[in-house]
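Readers should treat all values here as calculations from the given coordinates under stated rules, not as data from a laboratory. Just so it is clear, the model here is predicted, and its values are computed rather than measured. Glycine also receives a Cβ, built like all others from the backbone with ideal geometry; neighbour counts cover every protein chain displayed.
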Amino acid sequence: MLFQGDGYFLNVNVSKRGEILNNCECGAFKFRGACNAVFSLDNDEAAKGVVTHSSGNHAAALSLAAKLRGIPAYIVIPNGAPKCKVENVMRYGGQVIWSEATMQSRESVASKVLQETGAVLVHPYNDGRIISGQGTISLEFLEQAPQIDTLIVPISGGGLISGVALAAKSINPAIRVLAAEPRGADDAARSKAAGRIITLPETNTVADGLRAFLGDFTWPIVRDLVEDIITVEDNEIIEAMKLCYEILKVAVEPSGAIGLAAVLSDSFKNNPALKNCSNIGIILSGGNVDLGRLWDSYRK
Ligand SMILES: Cc1ncc(COP(=O)(O)O)c(C=O)c1O
């Protein structure tokens, strides 16, 4: 399946679409991209397995996709990653290789694994196969709610929003795509303002899935197709997460609840440019909450 929008292409492995759409087991949208990437490999490429560096949902998703294809997944995980996410990787048979928390260490450990195994690198977001898989969200969302005029999407490395924007705009070119980002990791908002990729020396947010920076593949899509980036504080994210539990009865992790936090924020409500958003679709992107940490916070 091919979507075309302003010179960007999305390519989804149609034969596996049912599998992509039906398998929500690993608790985050990341399975869509991971599954599309793994099932796009030819048999020779696939035989040596896949490798990635990720602290979270992409790691678990790639492990599960590789398990379904019957190939190895080598997952480089930085020290300090949330326990529940590491456990998910192990549950799906991913082989964990530890690195230091810095991006430099993650990348150098991953490239060593690449050399040793000959596996295929599947980047968490800066990869066309990943972006295409994430785009299936728009297909389903707009199939079920064609009246949506605005989509609000969490942003980190930008793979999710790139796929969502490309697919949504190819279905409805007038649809507005907005990003939601934590104030403590607001590199995408700064990048939009500066007109080039900005990275930060450090990030500080409860949304552990939203600490990555845009890549050279996702940046032009974010620059051209994402209308605005709404930044929210951590307390707004936690409040939105609580609302999801209390009212929707849905387990949503902080990174997943940020779109709701953005819509409820004053910066959204008071922005005159966003006054005419009337049918808003919010992507709740993941539910892998570290319950151990949550219960500990109750005990304090
Ligand atoms: C739950 C959740 N939502 C959103 C994102 C952001 O995705 P992307 O890096 O493609 O922007 C992530 C990334 O890890 C995530 O885990």
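Quick notes on this structure:
- Per residue, the convex hull spanned by the Cα atoms of the chain amounts to 130 cubic angstrom.
- Positive dipole terminus of the chain, leading residue within Val252, Met90, Leu41 (C-beta point charges): Met90
- Percent breakdown of C-alpha pair distances by 10 Å bin, ordered from the shortest bin, for the stretch 123-204: 18, 45, 30, 7, 0
- Bridgeable lysines around Lys269 (alpha carbons under 29 Å apart, same-chain partners fewer than 8 residues away excluded): Lys169, Lys192, Lys242, Lys249.
- Working note: Karplus 6.51/-1.76/1.60 with θ = phi - 60° gives the stretch 259-268 the couplings x, 5, 4, 5, 5, 7, 6, 5, 5, 7 Hz, where Gly and Pro are set to x.
- The mean of 1/r over all pairs of different alpha-carbon atoms in the stretch 135-293, once inverted, gives a Kirkwood hydrodynamic radius of 15.6 Å.
- With K and R counted +1 and D and E -1, the other residues having a Cβ less than 9 Å from that of Gln134 yield a net charge of +2.
- From least to most packed, judged by other beta carbons within 10 angstrom and beginning with the fewest, Cys26, Cys35 follow the order Cys26, Cys35.
- Choice from Ile75, Ile247, Ile280 showing the highest fluctuation, given a GNM over the chain with Cα pairs closer than 10 Å: Ile247
- Ranked for footprinting exposure by Cβ neighbours inside 10 Å, fewest first, Glu202, Glu233, Glu253 give Glu202, Glu233, Glu253.
- Contact order relative to length of the chain, as percent, for alpha carbon pairs under 8 angstrom and 6 or more apart: 17 percent
- Using C-alpha pairs under 8 Å with a sequence gap of at least 6, the mean separation divided by the residue count of the stretch 95-160 gives a relative contact order of 30 percent.
- Taking 0.36 nm per residue of separation and subtracting the Cα-Cα distance, full extension of the segment from Ile171 to Ser108 would add 18.7 nm.
- Candidate aspartates and glutamates for bridging to Lys30, where Cα separation is under 13 Å - those fewer than 8 sequence places away on the same chain excluded: Asp127
- A simple rule links phi to the HN-Hα coupling: the Karplus curve 6.51 cos²θ - 1.76 cosθ + 1.60 with θ = phi - 60°, which for the stretch 73-84 gives 10, 9, 10, 8, 10, x, 3, x, 5, x, 4, 5 Hz, with x for Gly and Pro.
- Label separation (Trp295 vs Glu246): 2.3 nm, computed from points 7 Å beyond Cα along the C-beta direction.
- Rounded to the nearest 500, the 222 nm mean residue ellipticity of the chain from helices alone is -13000 deg cm²/dmol, with -39,500 (n - 2.57) taken per DSSP H run of at least 4 residues.
- Exposure proxy shown here: for Trp98, Trp295, the number of other Cβ atoms within 10 Å sets the order, fewest to most, as Trp295, Trp98.
- Among Ser170, Ser278, Ser255: highest mean-square fluctuation, GNM of the chain, C-alpha pairs under 10 Å: Ser278
- Between Ala194, Ala251, Ala212, the GNM of the chain built on Cα springs shorter than 10 angstrom shows Ala194 fluctuating the most.
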